[in-house]
Amino acid sequence: MNWKYFLDNETLLNSVIAIAILLGFLLVRKLFSKYLFKFILNIAKKTPTDFLTNVWLSFEHPIRWLFVVIGVYIAAQYFPYIDPTNSLFIKFYRSSIILLITWGLYNLSSASSFLFHSMNKRLNFEIDQILIPFLSKAIRVVIILISITIIAQEFDYDINGFIAGLGLGGLAFALAAQDALKNLIAGIVIIFEKPFSIGEWILTPSVEGTVEDITFRSTKVRTFAQALVTVPNSTLANENITNWSKMGKRRIEFTLGVKYGTPTSRLEKVINRIKDMLENNPDIHKETIFVTFDRFSDSSLDLFLYFFTNTTVWGEFLQIKQDINFNILRILEEEGVEIAFPSQTLYVEEQTGNNYSVAQGK
């Protein structure tokens, strides 16, 4: 190999130097990802707050790409086919840095951002869970718009002219965006009225399920069949919303029919025992408990039971209801009182000669 020719050929030498610099930065990027990032993350986790940890995690991927951008910029100083002083090259380089910063800030403003939770803890300023994702999305939109504005200015684009252009087409844009604007305003109304929050069980004429997310346009509700239903905010804001999660207690109401022929003393004893059982049950709300002899129905003596559980959790409610039903069955068995089944008594007249006899059957 002619090393003298190689060293004398400045173009070839600079090309090799540029490629070596770029490969060097790619190697540093890999070492950063494998070792340095974890090392700094462990240090950040030892700090009293989660601030540094969240910042470092948010900027992890942007920093990795920053090595590539800087490597390309430095390599371009030696690469003979690129003019590093060219204004277009410099604009692309600076715009790349702005995009990486935007990427990191975008990650930092996520819905689970420590910022909102820190405000809740330190300032005693309670931010509703439904407001956090909405604020997060609003901050992200602002970050993106600022980034676009700065990059546009880097390329000498007249932002004022763009805004003026929007003004000229404002009427057409407003007509096209009527529904979007309606949903946005409805979303703001929902957030400030707070008829529900993230994770709560709601019922509307459109959907029933658990609220998962709210955006500028719609609210996402997970049904009990695990389907995800997206309801426009304007529709939801104009409907009756029942928030089952806001219940302070859950009602149990039913009628218990016992057989005709049950002695009055036994019936009274059953009513009193059931009422005592409910009053002494820690899972039953003590304010409203009714156990009464309600009516004489066609085939039974009906007892009316009306009371509430302290819990509103569906699974716990069902378990309490089952336990009470078993207790009622035990009371009926111990008192020798049988539950009535729907039945009818039929009277048939039979003529034998000049006399009539009555046959009775059930």
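Some notes on this structure:
Each row is one residue, and each column tells you yes or no for (1) in contact with a Ser or Thr (Cβ under 6 Å, 6 or more places away or on another chain); (2) at pLDDT 80 or above; (3) in a helix (DSSP H, G or I); (4) on the phi > 0 side of the Ramachandran plot.
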position	(1), (2), (3), (4)
Trp56	no, no, yes, no
Val68	no, yes, yes, no
Phe89	no, yes, yes, no
Tyr93	no, yes, yes, no
Gln129	yes, no, no, no
Ile132	no, no, yes, no
Arg140	yes, yes, yes, no
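- For segment 1-18, the tally of residues that are at pLDDT 70 or above and out of contact with any helix residue (DSSP H, G or I) (no Cβ under 7 Å at 6 or more places or on another chain) stands at 5.
- Count - residues of segment 278-297 that are closer than 12 Å to Phe307 by Cα, not in a strand (DSSP E or B) and not acidic (Asp, Glu): 2
- Hey, Ile271 over 29 Å from Pro342 (Cβ atoms), of a type in the set (A, V, I, L, M) and in contact (Cβ under 8 Å) with a residue 12 or more places away in the chain or not: no
- Criterion: outside the structural domain of Phe308 (by TED's automatic domain parsing), of a type in the set (Val, Ile, Thr) and not in a helix (DSSP H, G or I) - qualifying residue of Thr210, Thr235: Thr210
- Residue list for segment 246-261, filter: over 25 Å from Ile339 (Cβ atoms) and either touching a helix residue (DSSP H, G or I) at 6+ places or on another chain (Cβ under 8 Å) or in a helix (DSSP H, G or I) (or both): Lys246
- Qualifying residue in segment 101-119 (condition: more than 30 Å from Val189 (Cβ to Cβ) and either of a type in the set (Val, Ile, Thr) or modelled with pLDDT under 85 (or both)): yes
- When residues of segment 290-301 are limited to those that are surrounded by fewer than 17 Cβ atoms within 10 Å (Cβ to Cβ) and not hydroxyl-bearing (Ser, Thr, Tyr), the one farthest from Phe254 (Cα to Cα): Asp298
The values are calculated or read from the model by the stated rules, or taken from the named source; none is laboratory data. Quantities reported herein were computed from a predicted structural model and do not represent experimental measurements. Cβ coordinates were reconstructed from backbone atoms using ideal geometry, including for glycine residues, and neighbour counts include every protein chain displayed.
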